[in-house]
Amino acid sequence: MKPLGMAGGPAQGQAPWMDREQALSTAYPFWGQLSPEEKEAILRGCVEMTYEKGVGVHRSDVDCKGALLLLSGTLRVYILSEEGREVTLFRIHTGESCVLSASCLLDTIAFDLLIDAAEDARALVVPTGVLHPIMERNPYVGLYMYKQATERFSDVMWTMQQILFMGVDRRVAIFLWDEMARQGKQILKITHDELARNIGSAREVVTKVMKYFAGEGIVRVKRGQVEILDREKLRALL
(Lines give C-alpha, C1' and ligand atoms only; values in the text may rest on other atoms or scores of the structure.)
Protein backbone atom coordinates (compact mmCIF):
# COMPACT_ATOMS: atom_id res chain seq x y z
CA MET A 1 0.00 0.00 0.00
CA LYS A 2 1.31 3.44 -0.88
CA PRO A 3 2.07 5.97 1.88
CA LEU A 4 -0.78 8.42 2.33
CA GLY A 5 1.23 11.44 3.45
CA MET A 6 0.46 14.67 1.63
CA ALA A 7 3.20 16.63 -0.09
CA GLY A 8 3.83 19.11 -2.86
CA GLY A 9 4.65 22.79 -2.82
CA PRO A 10 4.24 26.11 -4.59
CA ALA A 11 5.84 26.14 -8.02
CA GLN A 12 9.06 28.06 -8.40
CA GLY A 13 8.37 31.29 -10.24
CA GLN A 14 4.61 31.67 -10.02
CA ALA A 15 2.88 31.94 -13.39
CA PRO A 16 2.10 35.56 -14.40
CA TRP A 17 -1.50 36.68 -13.95
CA MET A 18 -2.09 36.87 -17.71
CA ASP A 19 -1.00 33.24 -18.10
CA ARG A 20 -3.19 32.21 -15.17
CA GLU A 21 -6.19 34.08 -16.47
CA GLN A 22 -5.80 32.47 -19.90
CA ALA A 23 -5.61 29.00 -18.34
CA LEU A 24 -8.60 29.63 -16.05
CA SER A 25 -10.77 31.21 -18.75
CA THR A 26 -10.04 28.31 -21.11
CA ALA A 27 -10.81 25.62 -18.53
CA TYR A 28 -13.79 27.15 -16.75
CA PRO A 29 -16.83 28.03 -18.90
CA PHE A 30 -18.25 30.19 -16.09
CA TRP A 31 -15.30 32.61 -16.32
CA GLY A 32 -17.18 34.99 -18.61
CA GLN A 33 -20.06 35.09 -16.10
CA LEU A 34 -17.86 36.30 -13.24
CA SER A 35 -17.77 39.90 -12.09
CA PRO A 36 -14.42 41.73 -12.25
CA GLU A 37 -14.20 41.43 -8.46
CA GLU A 38 -14.79 37.66 -8.57
CA LYS A 39 -12.14 37.21 -11.27
CA GLU A 40 -9.66 39.24 -9.24
CA ALA A 41 -10.41 37.21 -6.11
CA ILE A 42 -9.70 33.94 -7.94
CA LEU A 43 -6.55 35.29 -9.59
CA ARG A 44 -5.23 36.59 -6.27
CA GLY A 45 -6.21 33.47 -4.36
CA CYS A 46 -5.20 30.64 -6.71
CA VAL A 47 -1.85 28.98 -6.13
CA GLU A 48 0.33 27.09 -8.56
CA MET A 49 1.53 23.81 -7.03
CA THR A 50 4.00 21.15 -8.16
CA TYR A 51 3.78 17.47 -7.22
CA GLU A 52 6.35 14.74 -7.77
CA LYS A 53 5.20 11.38 -9.10
CA GLY A 54 3.71 9.24 -6.34
CA VAL A 55 3.03 12.14 -3.98
CA GLY A 56 -0.37 12.48 -2.31
CA VAL A 57 -2.18 15.55 -3.66
CA HIS A 58 -5.47 15.38 -1.74
CA ARG A 59 -7.52 13.23 0.59
CA SER A 60 -11.01 14.37 1.48
CA ASP A 61 -10.96 13.05 5.05
CA VAL A 62 -8.01 15.32 5.87
CA ASP A 63 -8.62 18.56 3.99
CA CYS A 64 -10.76 20.22 1.36
CA LYS A 65 -8.15 21.61 -0.96
CA GLY A 66 -10.22 23.39 -3.61
CA ALA A 67 -10.73 23.10 -7.36
CA LEU A 68 -7.72 21.77 -9.27
CA LEU A 69 -6.78 22.73 -12.82
CA LEU A 70 -4.02 20.49 -14.12
CA LEU A 71 -1.38 22.39 -16.12
CA SER A 72 0.82 19.36 -16.81
CA GLY A 73 1.14 15.71 -15.84
CA THR A 74 -1.48 13.21 -14.69
CA LEU A 75 -3.35 12.76 -11.41
CA ARG A 76 -5.05 9.57 -10.20
CA VAL A 77 -8.30 9.69 -8.22
CA TYR A 78 -9.00 6.58 -6.15
CA ILE A 79 -10.65 5.10 -3.08
CA LEU A 80 -9.00 2.93 -0.45
CA SER A 81 -10.58 -0.02 1.37
CA GLU A 82 -9.99 -0.77 5.07
CA GLU A 83 -7.77 -3.66 3.93
CA GLY A 84 -5.60 -1.28 1.93
CA ARG A 85 -6.85 -2.13 -1.56
CA GLU A 86 -6.83 0.79 -3.98
CA VAL A 87 -9.43 1.20 -6.71
CA THR A 88 -8.68 3.88 -9.30
CA LEU A 89 -11.86 5.74 -10.23
CA PHE A 90 -10.49 7.93 -13.02
CA ARG A 91 -7.45 9.96 -14.02
CA ILE A 92 -7.05 13.67 -14.64
CA HIS A 93 -4.89 14.77 -17.56
CA THR A 94 -3.28 18.04 -18.66
CA GLY A 95 -5.86 20.79 -19.23
CA GLU A 96 -8.58 19.03 -17.23
CA SER A 97 -10.09 20.24 -13.98
CA CYS A 98 -11.24 18.38 -10.88
CA VAL A 99 -13.89 19.73 -8.54
CA LEU A 100 -13.98 16.60 -6.36
CA SER A 101 -10.93 17.94 -4.52
CA ALA A 102 -13.39 20.59 -3.28
CA SER A 103 -15.87 17.91 -2.20
CA CYS A 104 -16.76 19.77 1.01
CA LEU A 105 -18.59 22.27 -1.20
CA LEU A 106 -20.70 19.52 -2.80
CA ASP A 107 -23.39 18.13 -0.51
CA THR A 108 -23.80 14.93 -2.55
CA ILE A 109 -20.17 13.74 -2.10
CA ALA A 110 -20.28 11.57 1.00
CA PHE A 111 -17.27 9.25 0.64
CA ASP A 112 -13.52 9.69 0.97
CA LEU A 113 -11.51 10.32 -2.18
CA LEU A 114 -7.75 10.34 -2.57
CA ILE A 115 -5.72 11.95 -5.33
CA ASP A 116 -2.09 11.09 -6.15
CA ALA A 117 0.30 12.36 -8.79
CA ALA A 118 0.58 9.56 -11.37
CA GLU A 119 3.29 11.63 -13.09
CA ASP A 120 5.19 14.76 -12.12
CA ALA A 121 2.45 17.39 -12.20
CA ARG A 122 1.71 21.12 -11.97
CA ALA A 123 -1.71 22.45 -11.04
CA LEU A 124 -3.52 25.68 -10.30
CA VAL A 125 -5.49 25.33 -7.07
CA VAL A 126 -8.42 27.64 -6.32
CA PRO A 127 -8.80 27.21 -2.53
CA THR A 128 -12.21 26.49 -1.06
CA GLY A 129 -12.00 29.68 0.99
CA VAL A 130 -11.88 31.65 -2.27
CA LEU A 131 -14.30 29.47 -4.20
CA HIS A 132 -17.06 29.07 -1.60
CA PRO A 133 -18.29 32.69 -1.37
CA ILE A 134 -18.21 33.02 -5.17
CA MET A 135 -20.12 29.76 -5.56
CA GLU A 136 -22.73 31.02 -3.05
CA ARG A 137 -23.24 34.29 -4.94
CA ASN A 138 -22.86 33.16 -8.53
CA PRO A 139 -25.16 30.34 -9.75
CA TYR A 140 -23.02 29.70 -12.84
CA VAL A 141 -20.14 28.55 -10.63
CA GLY A 142 -22.35 26.23 -8.58
CA LEU A 143 -23.91 24.72 -11.71
CA TYR A 144 -20.47 24.06 -13.18
CA MET A 145 -19.29 22.37 -9.98
CA TYR A 146 -22.24 19.97 -9.88
CA LYS A 147 -22.10 19.34 -13.65
CA GLN A 148 -18.42 18.42 -13.40
CA ALA A 149 -19.07 16.13 -10.46
CA THR A 150 -21.85 14.38 -12.42
CA GLU A 151 -19.58 13.88 -15.44
CA ARG A 152 -16.86 12.43 -13.24
CA PHE A 153 -19.32 9.96 -11.76
CA SER A 154 -19.97 8.74 -15.30
CA ASP A 155 -16.25 7.88 -15.39
CA VAL A 156 -16.63 6.12 -12.04
CA MET A 157 -19.54 4.04 -13.38
CA TRP A 158 -17.44 3.00 -16.40
CA THR A 159 -14.66 1.93 -14.03
CA MET A 160 -17.07 -0.09 -11.88
CA GLN A 161 -18.51 -1.70 -15.01
CA GLN A 162 -15.03 -2.83 -16.05
CA ILE A 163 -14.20 -4.24 -12.61
CA LEU A 164 -17.52 -6.08 -12.26
CA PHE A 165 -18.06 -7.38 -15.78
CA MET A 166 -14.71 -7.54 -17.60
CA GLY A 167 -11.79 -9.92 -17.21
CA VAL A 168 -8.42 -8.58 -16.11
CA ASP A 169 -6.87 -9.26 -19.54
CA ARG A 170 -9.41 -6.99 -21.23
CA ARG A 171 -9.01 -4.27 -18.57
CA VAL A 172 -5.23 -4.33 -19.04
CA ALA A 173 -5.67 -4.13 -22.82
CA ILE A 174 -8.06 -1.17 -22.54
CA PHE A 175 -5.68 0.69 -20.24
CA LEU A 176 -2.65 0.08 -22.48
CA TRP A 177 -4.59 1.09 -25.59
CA ASP A 178 -5.88 4.30 -23.99
CA GLU A 179 -2.41 5.22 -22.71
CA MET A 180 -0.83 4.53 -26.11
CA ALA A 181 -3.43 6.79 -27.75
CA ARG A 182 -3.06 9.52 -25.11
CA GLN A 183 0.74 9.61 -25.14
CA GLY A 184 1.07 8.99 -28.87
CA LYS A 185 3.81 6.40 -28.42
CA GLN A 186 4.12 2.64 -28.08
CA ILE A 187 6.66 2.58 -25.25
CA LEU A 188 4.93 3.31 -21.94
CA LYS A 189 6.83 3.94 -18.72
CA ILE A 190 4.74 2.05 -16.19
CA THR A 191 5.33 -0.71 -13.66
CA HIS A 192 3.10 -3.73 -13.00
CA ASP A 193 2.24 -2.24 -9.62
CA GLU A 194 1.08 1.04 -11.20
CA LEU A 195 -0.86 -0.85 -13.85
CA ALA A 196 -2.59 -2.94 -11.17
CA ARG A 197 -3.60 0.13 -9.17
CA ASN A 198 -4.98 1.80 -12.27
CA ILE A 199 -7.26 -1.11 -13.17
CA GLY A 200 -8.17 -2.13 -9.62
CA SER A 201 -6.47 -5.52 -9.57
CA ALA A 202 -3.62 -7.30 -7.80
CA ARG A 203 -0.06 -6.91 -9.07
CA GLU A 204 0.43 -10.67 -9.23
CA VAL A 205 -2.60 -11.04 -11.52
CA VAL A 206 -1.42 -8.23 -13.78
CA THR A 207 2.05 -9.83 -13.99
CA LYS A 208 0.48 -13.08 -15.22
CA VAL A 209 -1.55 -11.19 -17.84
CA MET A 210 1.53 -9.31 -19.04
CA LYS A 211 3.48 -12.56 -19.33
CA TYR A 212 0.66 -13.94 -21.48
CA PHE A 213 0.64 -10.78 -23.63
CA ALA A 214 4.41 -11.02 -24.03
CA GLY A 215 4.14 -14.69 -25.02
CA GLU A 216 1.59 -13.77 -27.67
CA GLY A 217 3.90 -11.10 -29.09
CA ILE A 218 1.57 -8.26 -28.11
CA VAL A 219 3.99 -6.49 -25.78
CA ARG A 220 7.60 -6.51 -24.66
CA VAL A 221 8.02 -6.01 -20.92
CA LYS A 222 11.12 -4.46 -19.36
CA ARG A 223 11.68 -3.07 -15.89
CA GLY A 224 9.33 -0.10 -15.49
CA GLN A 225 8.40 -0.17 -19.16
CA VAL A 226 5.90 -1.77 -21.54
CA GLU A 227 6.39 -1.65 -25.31
CA ILE A 228 3.38 -2.33 -27.54
CA LEU A 229 4.60 -4.61 -30.34
CA ASP A 230 1.36 -5.57 -32.11
CA ARG A 231 -1.38 -2.94 -32.11
CA GLU A 232 -3.86 -5.13 -33.99
CA LYS A 233 -3.59 -8.01 -31.52
CA LEU A 234 -4.03 -5.54 -28.66
CA ARG A 235 -7.06 -3.97 -30.36
CA ALA A 236 -8.64 -7.43 -30.75
CA LEU A 237 -8.65 -7.79 -26.94
CA LEU A 238 -10.65 -4.59 -26.33
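The values are calculated or read from the model by the stated rules, or taken from the named source; none is laboratory data. Note that the structure is a prediction, hence the values are computed from the model and not measured. Don't worry about glycine lacking a Cβ; one is built from the backbone with ideal geometry, like all the others, and counts go over all protein chains shown. For accessibility, only protein heavy atoms count, side chains too; no ligands or nucleic acids. Shrake-Rupley method; radii C 1.70, N 1.55, O 1.52, S 1.80 Å.
When the residues of the stretch 193-220 are filtered to those that are open to solvent by less than 70 Å² (accessible area, probe 1.4 Å) and hydroxyl-bearing (Ser, Thr, Tyr), the one that is modelled with the highest pLDDT is Thr207.
Checking each residue in the stretch 141-196 for being touching a helix residue (DSSP H, G or I) at 6+ places or on another chain (Cβ under 6 Å), farther than 19 Å from Arg223 by Cα and free of Cβ contacts under 8 Å to residues at least 12 places away in the same chain picks out only Gly142.
Val156 satisfies every condition listed in (1) aliphatic (A, V, I, L, M); (2) modelled with pLDDT of 85 or more; (3) part of a helix (DSSP H, G or I); (4) over 25 Å from Arg171 (Cα atoms) except (4). Of all residue pairs spaced 6 or more apart or on separate chains, those with beta-carbon atoms under 8 Å, a first member in the stretch 37-57 that is of a type in the set (Asp, Glu) and a second member that is open to solvent by 40 Å² or more (accessible area, probe 1.4 Å) are Glu38/Arg137; Glu48/Pro10; Glu48/Gln14; Glu48/Leu71; Glu48/Arg122; Glu52/Ala7; Glu52/Gly8; Glu52/Asp120. For the stretch 100-111, the criterion of being at pLDDT 85 or above and closer than 19 Å to Trp158 by Cβ is satisfied by no residue at all. Look at (1) free of Cβ contacts under 8 Å to residues at least 40 places away in the same chain; (2) out of contact with any Ser or Thr (no Cβ under 8 Å at 6 or more places or on another chain) and you find that Thr94 fails only one, number (2).
Specify which of the listed residues (Ser101, Ser81) is in contact (Cβ under 8 Å) with a residue 40 or more places away in the chain and over 22 Å from Ile190 (Cβ atoms). Break it down stepwise before answering.
Working: Ser81 fails: in contact (Cβ under 8 Å) with a residue 40 or more places away in the chain.
Just a single option satisfies the conditions, and that option is Ser101.
In this structure, is Glu119 open to solvent by 40 Å² or more (accessible area, probe 1.4 Å) and free of Cβ contacts under 8 Å to residues at least 12 places away in the same chain? No, not satisfied. The sole residue among Val87, Val77, Val57 that is surrounded by fewer than 18 Cβ atoms within 10 Å (Cβ to Cβ), in a strand (DSSP E or B) and within 18 Å of the chain's Cα centre (by Cα) is Val87.
Annotation note: of Gly95, Gly129, the sole residue that is within 19 Å of Tyr28 (Cα to Cα) and in a loop (DSSP other than H, G, I, E, B) is Gly95. When the stretch 181-192 is filtered for residues that are open to solvent by less than 70 Å² (accessible area, probe 1.4 Å) and under 17 Å from the mean Cα position of the chain (by Cα), the ones remaining, listed by number, are Gln183, Ile190.
Given the conditions (1) over 20 Å from Lys53 (Cβ atoms); (2) within 21 Å of the chain's Cα centre (by Cα); (3) at pLDDT below 95, which single one is not true for Trp177? All conditions pass for Trp177, except number (3).
Quick grid of which residues meet (1) more than 13 Å from Phe90 (Cβ to Cβ); (2) over 19 Å from the mean Cα position of the chain (by Cα):
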site	(1), (2)
Leu114	no, no
Glu119	yes, no
Gly129	yes, yes
Ile134	yes, yes
Pro139	yes, yes
Ala149	no, no
Thr159	no, no
